[in-house]
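Encoded as structure tokens, the structure appears first; notes follow it.
Here, each number is a calculation from the coordinates, and none is a lab measurement. Small disclaimer: the values here were computed from a predicted structure and weren't measured. Please note: Cβ atoms are built from the backbone with ideal geometry, for glycine as well, and neighbour counts cover all protein chains shown.
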Ligand code: TNX
């Protein structure tokens, strides 16, 4: 019996943060010669310090997402052959972050960069329990000729500070082979902390299944831009993607295919734990979603008793929505919901559990309300906070529930008002407007991948809105943050994920992180354009949106 695809278990963890995609990793003779030349040039430059005609270091504020404050001042810092990375605190997490930074810097600089203890020089990572200004995720980065010091109250802040530091070096620092220096950072101070606590991205692993290695690759990319939530859409009509011991056929049968009839797949519990662990090591919390009571054909096909008529439908490989529903009156439905949520909650260390609730077009309204109210209680019983798509506000959200708003410019006033009114009763909001934040919408009429039901979403359109002012009538303070969903009806691999996510994902990340006062399309598009060579160095084949002034590669 074939349990699951070998694709997900064959993955070897990438040795460094983001690898070049398979198709771009072929080594051609000119490329080989090119890198040999570079190695020679780097060898000649090594140890000789910054060359006389070295380009000026990147301005401190030229990072995405924009920092709260960047004050230039003094002479730059430069990494040399003798540089050490210093962990200034007795903290295994700080040590791990230092090792991750070394993993980025060593291949491209060609320096040993040992990770060691305290000292006044080098790249210093310092945890300061009294650094209240940094909060849970912020940091301060100070650069002068003697050292670059990142200080934070929490390890998450150190990690985010390290992402900023990566962007202050030349883009080629992200390459896997030795590059020419100098490796300088402008002098001065960056102070930084996020605007919102919830900064997410969603990956739909149901419509097409993505291997653990593909999910890890996306996690690395999200971490670069300081996102802190990975929402996994683990079930839908086309596939059930997580092993549930008490209902094994959900995965072994319901996970057997995907849109277009491909082989599908699912995560074993060990696979899922590995994703959670990897995400946590990049300071992302996994938010698992089981979509209920609609979007459930894969479950209904796996267990006949879940259907009102007791007949299992066939597996589904098309792209329609709204045709499936759990059987609300049947008792067994709630055994199923309880088992699935219990097992998933036990696997998930994070706060949230997402129960879907969207497009339940085949569930009568009263049934929907009754069902969602029961399902919310189950999530609470297993110690998690409910997130649901914003239709959940049509039921009775329990206090502290999070509604994920995915409306768009044509969403009716009544629907918007229903969501806004719920915030007066304590519902919190994560904003994913489909015509702004949906990464699966086409950029324009020529985009090959993606869908267009919410219209085309240009890079500017996805960036140019204010989460705090987006939903009329929402209680101030009810917005927890933003999330960029990526539905995968048309996407089958990492290269396709990246064509849609880049360059729009950094813009959503900036809306979640940067102060509203930094919001300015013209300034942003220049900073984004400077990310081009960096994305290329990471092996990300981003969409060259014509509205962005891309820096020369
Ligand atoms: C709507 S947005 C859906 C998904 C589709 C997506 C495609 C939402 C909560 N439901 O089922 O995959 O559109 O863009």
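Over the chain, what is the relative contact order in whole percent, taking alpha-carbon pairs under 8 Å and six or more residues apart? Kindly include the intermediate steps, with their values, before the conclusion.
Numbers: 1222 pairs, mean separation 78.5, N = 553.
Relative CO of the chain lands at 14 percent.
Could you list the residues of the stretch 65-83 with an amide nitrogen less than 14 Å from a label point located 7 Å from the Cα of residue 519 in the Cα-to-C-beta direction?
So the set is 66.
Between residue 424 and residue 118, what's the calculated FRET efficiency when r is the beta-carbon distance and R0 is 56 Å? Round to 0.05.
Details: r = 52 Å, r/R0 = 0.92.
Taking R0 as 56 Å, the efficiency between residue 424 and residue 118 is 0.60.
With each run of n ≥ 4 DSSP H residues scored as -39500 (n - 2.57), what mean residue ellipticity at 222 nm is computed for the chain after dividing by its residue count and rounding to the nearest 500 deg cm²/dmol?
Details: 17 runs with 177 residues, N = 553.
Calculated from helices alone, the mean residue ellipticity at 222 nm is -9500 deg cm²/dmol.
From Cα pairs below 8 angstrom and at least 6 apart in sequence, can you work out the relative contact order of the stretch 393-512, rounded to a whole percent?
Dividing the mean separation by the residue count of the stretch 393-512 yields 28 percent.
Taking every DSSP beta bridge with both residues inside the chain, roughly what % is antiparallel (nearest 5)?
Values: 19 of 63 bridges.
Of all bridge pairs located within the chain, approximately 30 percent are antiparallel.
Mind jotting down the distance between the C-alpha centroids of the stretch 82-127 and the stretch 360-429, whole Å?
One Cα centre to the other: 46 Å.
Using a ≥ b ≥ c from the Cα gyration tensor of the stretch 449-553 (square roots of the eigenvalues), is it rounded, prolate or oblate, where a/c under 1.5 gives rounded and otherwise the larger of a/b and b/c decides, a/b for prolate?
On the way: a/c = 2.09, a/b = 1.32, b/c = 1.59.
Note, shape of the stretch 449-553 comes out oblate.
At residue 409 and residue 469, where each label point lies 7 Å from the Cα along Cα→Cβ, what is the point-to-point distance in nanometres?
With each label point 7 Å from Cα toward Cβ, the separation is 1.7 nm.
Going by the alpha-carbon gyration tensor, a ≥ b ≥ c the square roots of its eigenvalues, is the stretch 106-227 rounded (a/c under 1.5) or, if a/c is not under 1.5, prolate (a/b greater than b/c) versus oblate?
Cα axes put the stretch 106-227 in the oblate bin.
Taking square-rooted eigenvalues a ≥ b ≥ c of the alpha carbon gyration tensor, is the stretch 471-531 rounded, prolate or oblate, where a/c under 1.5 means rounded and, failing that, a/b exceeding b/c means prolate? Intermediate results must be reported in sequence, preceding the final value.
Values: a/c = 3.24, a/b = 1.31, b/c = 2.47.
Oblate shape, in that a/c is at least 1.5 and b/c is the bigger or equal ratio.
I need the fraction of alpha carbon pairs in the stretch 339-473 separated by more than 25 Å, rounded to a whole percent. If you can, show how the numbers build up before the last one.
Numbers: 3090 of 9045 pairs.
Considering the stretch 339-473, 34 percent of its Cα-Cα pairs are separated by more than 25 Å.
Sort 327, 308 so that the residue with the fewest other Cβ atoms within 10 Å of its own Cβ comes first and the one with the most comes last. Intermediate results must be reported in sequence, preceding the final value.
Working: 327 21, 308 13.
The fewest-first ordering by Cβ neighbours comes to 308, 327.
Quote the relative contact order of the stretch 310-418 in percent (integer), defining contacts as alpha-carbon pairs under 8 Å separated by 6+ residues.
Details: 113 pairs, mean separation 26.6, N = 109.
Once divided by the residue count of the stretch 310-418, the mean separation gives 24 percent.
How compact is the chain by the rule of thumb for globular proteins, expressed as Cα Rg over 2.2 N^0.38 Å?
0.99
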